[in-house]
Amino acid sequence: MIRERVAVVGAGSIGVAFCALFARAGFEVRLTDPFPDALERALGELAARLELLASHGLLDEPPEELAARVTTAASIAEAVDGAILVQECAPERLELKRELFAELAAASGPHTVLATSSSALTASAIVGDGPGAERTLVGHPGNPPYLLPVIEVVPSPATSNDIVATAESIYRRAGLTTVRVRREVEGFVFNRLQGALLREAYCLVRDGVATVDDIDTIVRLGLGRRWGVIGPFETSDLNTRGGIESHAEKMGPAYERMGAERGQHDPWTPELVAEVTRQRRAALPLDQWDERVRWRDEQLLDIAARADSAPRPRA
């Protein structure tokens, strides 16, 4: 059986995670790193992660068969030869990524997707309009991608539509849900949302409002448990009878004051609320609101039941 090949450049934790993801999906994977010791360590980590997935019944094939799909390459040229997608997982340093992508563009085929796992740097910042720009985009995963099945696909203005479509198709075949970010911004969506919460969390600790453990507890048992079922917009939509428009009317002024307190004055204007409402009502007509609230509660009940049945540490 001839398997399609992907290349992973960088043998750190994200690189290993992508190896597990792609191998599990049936791809042949070539892994490369400038440090031979890193490659040896990465293969050991890969085997351990695959064994962990198998222990939870999450593999359809023996872990050793999946591990055998991942081989190492001594050079970038060897790694990318014949690859349909290159997933770059090097450290978050702009000059390093610029050098890498210049080498990747020269070594890879004209239809190979060049994807960076960058957490904040955009494709435009890395390649500009230089060689390979039309094939370069950001493929930013949740970490680890074999457990968090979503990836942000962030093209630059120079990225071709065909390359974007190819990247999305490959990621979906690997079991990921793709979210195309419509405009390049530093940090994309995932880390901007995460950063907003972290900034406020740090401020609350600084101001003596709560401890680190207090904040983690509130997110773990409250916000995080709810967001594990539905996102922040749907949460607001279902928390208030009348939907998100009613929620914005009731809570918008308070959130505006809280933002202004932190030096961020971004009121929810009537036009913005109208657009958010339009999108939510397209997803969930108000006549289905009660049914969806019940569904949400059933999901949270399932989570609560599993939490209650889990072994508890002794005092």
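Read-outs: derived from the displayed coordinates by stated rules, not from any lab. A quick note: this is a predicted structure, and the numbers were derived from the prediction, not measured. Cβ sites come from the backbone with ideal geometry, for glycine too, and all protein chains shown count toward neighbours.
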- Message: Whole-Hz ³J(HN,Hα) for each residue in the range 142-158, computed from phi via Karplus 6.51 cos²θ - 1.76 cosθ + 1.60 with θ = phi - 60°, x for glycine and proline: what do you get?
- Response: x, 10, x, x, 7, 10, 10, x, 9, 9, 7, 10, 10, x, 8, x, 8
- Item | Loop trypsin sites (Lys or Arg not before Pro), the range 90-140 (other Cβ atoms within 10 Å of the site Cβ: 15 or fewer; DSSP) | ARG93
- Query: Which whole-number percentage describes the relative contact order of the chain, with Cα contacts under 8 Å and a sequence gap of 6 or more?
  - Reply: 11
- Item | Relative contact order (%) - the range 5-180, alpha-carbon pairs under 8 angstrom, separation at least six | 20
- List the residues whose amide H sits under 5 Å from the amide H of GLU88, counting only those 5 or more places along or on another chain, with H placed 1.01 Å from N in the peptide plane. VAL9, ALA115, THR116, SER117
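How high is the relative contact order of the range 199-315, in percent, counting Cα pairs under 8 Å that sit 6 or more residues apart?
22
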- Message: Report the Cα centroid-to-centroid distance between the range 102-160 and the range 212-273 in angstrom, as an integer.
- Response: 32
- Within 10 Å of each residue's Cβ, count the other Cβ atoms and sort ASP81, ASP60 from fewest upward. ASP60, ASP81
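What size of dipole, in debye to the nearest 20, comes out for the chain about its Cα centre when the only charges are +1 on Lys and Arg C-beta atoms and -1 on Asp and Glu C-beta atoms?
Details: 35 positive and 46 negative charges, 108 e Å.
With only Lys, Arg, Asp and Glu charged at Cβ, the dipole is about 520 debye.
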- Cα gyration tensor, the range 216-315 - rounded (a/c under 1.5), prolate or oblate: oblate
- What do you get for Rg/Rh of the range 5-180 when both radii come from the Cα atoms and Rh is the Kirkwood radius? 0.94
- Query: How big is the Cα convex hull of the chain in projection, averaged over all directions, in nm²?
  - Reply: 20.2
- Note on the structure: Phi-derived 3J(HN,Hα) across the range 20-35 with the Karplus relation (6.51, -1.76, 1.60, θ = phi - 60°), rounded Hz, x for Gly and Pro, is 4, 4, 5, 5, 4, 8, x, 7, 7, 10, 10, 10, 9, 7, x, 10
- What is the percent of Cα-Cα separations in the range 1-102 that go past 17 Å? 48
